[in-house]
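> So that we are looking at the same thing, I have put the structure below in structure tokens.
The values are calculated or read from the model by the stated rules, or taken from the named source; none is laboratory data. Since we're looking at a predicted model, the values are computed, not measured. Cβ: placed from backbone, ideal geometry, glycine included. Neighbour counts: every protein chain shown. Just the protein is used for accessible areas: all its heavy atoms, side chains included, with ligands, DNA and RNA removed. Shrake-Rupley method; radii C 1.70, N 1.55, O 1.52, S 1.80 Å.
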Amino acid sequence: MKNRLIFIALIFVLFSCSEKEPVEKGSSLKLWYSQPATEWEEALPVGNGSLGGMIYGIPGKEKIVLNEESIWSGHKMYDRDKKDGHKYVREIQQMVFDGKYMEAERMANEKLLSDRFPSGSHANQMLGYLFIESKNTEDYTNYRRELDLNNSIVSTTFDKEGVQYFREVFSSYPDQVMVVRYGANKAGSISFSSWVERNSQTEIKVENYAITISEHVSNGDGVKLHSIINYEVKGGSTIVEDGKIVIEGATEVIIRIVAATDYRGNNPEEICMQRLRNTTAVKYEKLLQFHVDDYQELFNRVVFELTKNDGEDLPTDLRLENVKNGFEDDYLTQLQYQFGRYLLISSSRPGSMPSNLQGIWVDGFNPPWNADYHININVQMNYWLSEITNLTECHVPFLEFVGELREMGRITAKETYGARGFVAHHTSDAWHFTACTGNAQWGMWPMGAAWSCQHLFMHYEFTENKTFLEEYAYPVMKEAAIFFVDLMVKNPNTGMLVSGPSISPENRFLTADGQRATMNMGPTMDKAIISELFANCIAASEILDIDNSFRDTLEQKLAQMPPLQIGSDGRLMEWVEEFEEPEPGHRHISHLYALHPSNQITKQKTPELFEAAKKSIEYRLANGGGHTGWSRAWIINFWARLFEANKAYQNVIALQRNSTLSNLFDNHPPFQIDGNFGVVSGITEMLMQSHAGEIHILPALPDAWPSGKIKGIMARGGFKIDIEWSEGKLQSLNITSKLGNMLNLRYGETVKTFDSTKGEEFSFNGFVEEI
């Protein structure tokens with residue numbers, strides 16, 4: 001708890017010093033439908049970072065799936081790692097060096113990997129189902145439900161016998177409450193019964209104006225939860241009947257929902273009561289205004305426009321269906337882009353947990369993969385958009401999570417590898433477990449913490465908050481690096497330092513005798529992640545002018561590591577040897593990490609590797625790659641980095657056609673939120689990049705977007721970028737230097753450099769001439 005408060009205080013130093021900026025009001029951005037949702041994947045999400053809901057919009061028996069982010073089964077397990085695993089690591093490494101891949105894999109499965117948690121255990125769970133059943137609503141007309149991205153409100157409207165009914169739902173971050181409003185244009189028209197369902201263990205109390213929910217999750221193996229659902233009724237009568245709140249003849253009903261758990265050691269009942277007391281004293285209109293003001297301060301920072309269409313010509317599901325049938329739709333693309341930003345704002349705010357595989361939205365008690373934190377790409381992809389789309393605050397929960405892995409990660413490093421520092425493998429959860437679990441094909445991968453540490457330095461690159469770097473980011477990165485200083489050994493065949501035993505996430509190769517193996521020493525992704533981690537630690541120590549000795553150690557280790565290698569067919573090699581691949585179209589494309597999200601492969605600095613990366617992705621796609629939602633989103637980012645504008649665009653369309661549900665949730669399948677976030681990163685990278693030491697304007701502008709604008713996106717070094725283009729060419733460019741760094745600017749073959757001062761604004765025409 002103490003470390004958490006210190007961390008939040010450090011982040012506050014950054015946010016409290018930043019000034020609110022004037023923003024341009026964007027175009028209409030609404031997901032809307034002419035019929036209610038019939039299943040969870042059609043419902044519309046609201047959230048405030050921790051308290052969420054999926055709204056079906058059913059006139060008769062409305063259903064809202066309630067979520068609170070910290071409702072998790074399980075507990076922190078300090079004995080999760082295989083005991084004495086470190087005694088076998090060197091033997092396993094030698095087996096791999098000797099080409100005994102299958103023997104090494106069997107020993108790793110037996111001696112290093114713990115059993116995977118059963119599905120549904122150590123899982124994120126829903127809070128419950130809120131039902132609101134209205135009378136006499138069968139023959140309604142003029143139905144519409146919508147999510148307005150400009151104000152973060154889900155609404156449902158319809159007419160019945162001359163009366164217009166309206167319902168609104170939002171989840172407020174400043175007041176930590178979800179609010180549901182039922183109203184009509186005729187007094188006394190609101191009549192319904194309302195109740196909550198969860199499971200047989202749940203204690204549910206129903207009183208005249210409130211329902212309370214309490215449970216110690218999973219028969220005591222999980223958090224304690226508490227929730228209060230309060231009904232403010234104007235007019236009519238209210239009674240309790242058969243476990244339901246029954247309201248007759250009301251003019252308006254305001255439902256306030258608060259929820260909390262003891263996940264962070266607090267008393268959830270006291271938290272709920274305090275939040276309810278605070279919000280019941282505030283009128284609905286004020287609650288709504290507080291919510292909208294707070295939300296728009298984040299959302300309105302970025303404007304993205306490809307079309308003047310306001311979206312009212314077609315409901316969202318029909319618009320998407322047209323795209324699936326071969327059409328292309330710029331409005332859908334800009335809606336998808338801003339929907340991704342909406343989801344991050346709604347699922348990740350300072351003080352909350354990170355956005356998991358499903359953000360904060362789960363249905364039931366057994367979500368896919370337990371809705372945990374997969375740290376072999378998925379949670380990282382969740383946050384690729386955070387800095388570049390001007391949502392740096394939303395990055396905070398994941399930055400905090402990385403440091404919270406240290407307690408368990410130190411145990412895993414020592415018990416499994418006999419190493420110092422800390423390590424995490426392919427997945428974690430609310431309890432921050434770091435052990436290698438399951439099967440070697442996915443579990444024998446000690447890179448999860450190291451990859452996550454990339455985000456710590458990324459945050460510094462955009463903000464240059466030295467307090468954050470010195471007091472938090474560098475100590476965490478250093479401890480992750482120390483683990484690899486201890487783990488890496490010389491490859492007896494090359495004399496170079498390699499890591500392992502490890503894998504190229506979830507992929508396999510064929511041995512000489514045709515068996516499918518997975519474990520290797522020094523796969524390409526390991527090398528790329530470790531090189532980046534060491535380089536970031538070196539850079540941080542130079543910035544802070546500390547740790548000269550450790551910096552020297554890392555520099556020596558880097559010099560002994562093998563370079564990225566190109567195979568005989570011109571592709572970037574995935575392993576240290578050229579192996580035949582049994583799944584050439586595998587969904588993971590991990591060996592291209594150095595291209596994206598890292599910056600080790602660029603056209604200017606490593607042209608040969610740049611071309612090899614291009615051949616690698618072409619080969620993957622030619623063999624069926626990109627068939628999952630998040631994989632397709634990653635491919636958009638790859639093509640953007642490769643300046644293949646039309647190929648990036650084709651994959652945006654492919655994501656819409658093959659991996660997007662009617663409510664615009666990404667479809668892995670099933671729903672995973674990472675693709676929603678990854679496509680936003682990819683589109684931004686098509687329009688601006690800053691990873692290669694310069695701000696590159698319109699590096700991958702596709703023919704399909706001849707005109708448009710994007711405003712408010714961020715580049716490394718603290719530059720805010722506004723771009724407008726027409727007929728495929730830059731029209732105007734405005735850049736604000738928030739930190740006063742040197743501005744290195746590229747557009748096409750034009751490269752210019754400018755000194756800047758903090759707050760200075762630059763305006764350029766289409767020829768990158770100052771105006």
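> Out of all Cα-Cα pairs in the chain, roughly what percent, to the nearest whole number, are more than 52 Å apart?
12 percent
> While we're looking at this one, here's another question. Per the helix-only calculation at 222 nm, which mean residue ellipticity applies to the chain, given -39500 (n - 2.57) for every DSSP H run of n ≥ 4 and division by its residues, nearest 500 deg cm²/dmol?
-10500 deg cm²/dmol
> Using a 1.4 Å probe on the protein heavy atoms, what percent of the accessible area of the range 270-376 belongs to carbon and sulfur?
51 percent
> With the alpha-carbon atoms as the only input, what is the per residue convex hull volume for the range 286-418 in Å³?
183 Å³
> Roughly how tilted is helix 629-641, in degrees to the nearest 10 and between 0 and 90, from the longest Cα axis of the chain?
It works out to around 60 degrees.
> For the peptides 232-242, 741-751, what is the packing order when you average, over each peptide's residues, the other Cβ atoms within 10 Å and list the highest mean first?
Working: 232-242: 13.5, 741-751: 15.2.
In decreasing order of mean packing, 232-242, 741-751 become 741-751, 232-242.
> Would you give the gap between the C-alpha center of the range 516-587 and the C-alpha center of the range 75-143, rounded to a whole Å?
The distance from the Cα centre of the range 516-587 to that of the range 75-143 comes to 26 Å.
> Percent of accessible area on the range 424-513 owned by carbon and sulfur, 1.4 Å probe?
Exposed carbon and sulfur together represent 47 percent of the surface.
> Roll a 1.4 angstrom probe over the protein heavy atoms and tell me the percent of accessible area of the range 92-243 that is carbon or sulfur.
C and S fraction of accessible area: 42 percent.
> Still on this structure: Heavy-atom accessible area per residue, the chain, 1.4 Å probe: how many Å²? It would help to have the intermediate numbers written out before the result.
On the way: 27430 Å² over 771 residues.
The answer is 36 Å² per residue.
> To the nearest 10 degrees, how steep is helix 524-544 against the longest Cα principal axis of the chain, on a 0 to 90 scale?
80 degrees
> Over 10 Å intervals from 0, what percent of Cα-Cα pairs in the range 77-196 sits in each interval?
10, 23, 17, 10, 10, 15, 11, 5, 0
> Once the Cα gyration tensor of the range 137-280 is found, what semi-axes does its equivalent ellipsoid get, as square roots of 5 times the eigenvalues, in whole Å, sorted largest first?
Whole-Å semi-axes of the equivalent ellipsoid: 30, 18, 14.
> For helix 674-687, what angle does its Cα long axis make with the longest principal axis of the chain, in degrees from 0 to 90 and rounded to 10?
Computed tilt is about 70 degrees.
> Semi-axes of the range 26-75's equivalent ellipsoid from the Cα gyration tensor, sqrt of 5 times each eigenvalue, largest first, rounded to whole Å?
24, 17, 8
> Same structure, new question: Can you give the direction-averaged projected area of the convex hull of the alpha-carbon atoms in the range 457-581, in nm²? Each step should come with its number before you reach the end.
Numbers: hull surface 35.8 nm².
If I average the Cα hull's projected area over directions, I get 9.0 nm².
> Something else: Checking the cross-link filter: which lysines have an alpha carbon closer than 23 Å to that of Lys738, excluding same-chain neighbours under 8 positions apart?
Within the straight-line cut-off, Lys738 pairs with Lys20, Lys25, Lys466, Lys709, Lys711, Lys720, Lys752, Lys758.
> Follow-up question, since we're still on this one. For the ranges 73-79, 414-420, what's the packing order if you count other beta-carbon atoms within 10 Å of each residue, average per peptide, and put the highest first?
414-420, 73-79
> Below 8 Å, C-alpha to C-alpha, sequence gap of six or more: please give me the relative contact order for the chain in percent.
Taking the mean separation of contacting Cα pairs over the length of the chain, I get 13 percent.
> Going by Cα centres, the range 171-227 and the range 422-455 are how many Å apart?
Cα centroid to Cα centroid, the span is 36 Å.
> Where nothing but the Cβ of Lys and Arg (+1) and of Asp and Glu (-1) is charged, how large is the charge dipole of the chain around its Cα centre, in debye to the nearest 20?
Dipole about the Cα centre, nearest 20: 760 debye.
> Count the net charge of all other residues whose Cβ sits under 13 Å from the Cβ of Arg145, scoring Lys and Arg as +1 and Asp and Glu as -1.
Here the count lands on -2.
> What pairs from Lys63/Lys324; Lys83/Lys414; Lys63/Lys244 go past 19 Å between their alpha carbons?
Correct reply: Lys63/Lys324.
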